[in-house]
Amino acid sequence: MPKEEKQATGKTAAEGYAAEEGAQAPSLLTSAALIGVGALIEPELLAGMAIGAGIVLASRWLPNIVGDLVRPIAKTAVKAGYAAVTATREMVAEVTEQVEDLMAEARAEQESAEHLH
């Protein structure tokens, strides 16, 4: 079994993550306590505090959910754009070739007409 690499702090990634998770629990409890005290002092602010607490809780999981949802949509849009650009380039190349052929034919006809006169 490979030995875990140490981070700059001297902890493994798992130890650092566990420490980070543990650090959030007291701050979450502290926030909840402050919201509770604030609600006792100013009950009309309870709705705003609840919304704020929900945002704080959602901020932990929201980026992952949004990232997992937005990435496939963005990838599909990029693929569609790439396909459209490729089709447009092919169409422009074909039209350019046809215009060059017409110009060559017109030039040849004009030169042959000049030689006849």
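The values are calculated or read from the model by the stated rules, or taken from the named source; none is laboratory data. Remember, predicted model here, so these are calculated numbers, not experimental data. Ideal geometry is used to build each Cβ from the backbone, glycine not excepted, and the neighbour counts take in all protein chains shown.
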Worksheet item: Got at least one residue in the range 82-95 being more than 24 Å from the chain's Cα centre (by Cα) and hydroxyl-bearing (Ser, Thr, Tyr)?
Response: yes
Discussion item. Let me spell it out: the conditions are (1) outside any helix (DSSP H, G or I); (2) modelled with pLDDT of 70 or more, and Val56 meets all of them except one. Which number is the exception?
Written reply: (1)
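Before we move on, is Ala106 modelled with pLDDT of 90 or more and either in contact with a Leu (Cβ under 6 Å, 6 or more places away or on another chain) or hydrophobic (A, V, I, L, M, F, W, C) (or both)? Spell out the reasoning first.
Values: modelled with pLDDT of 90 or more: yes; either in contact with a Leu (Cβ under 6 Å, 6 or more places away or on another chain) or hydrophobic (A, V, I, L, M, F, W, C) (or both): yes.
The answer is yes for Ala106.
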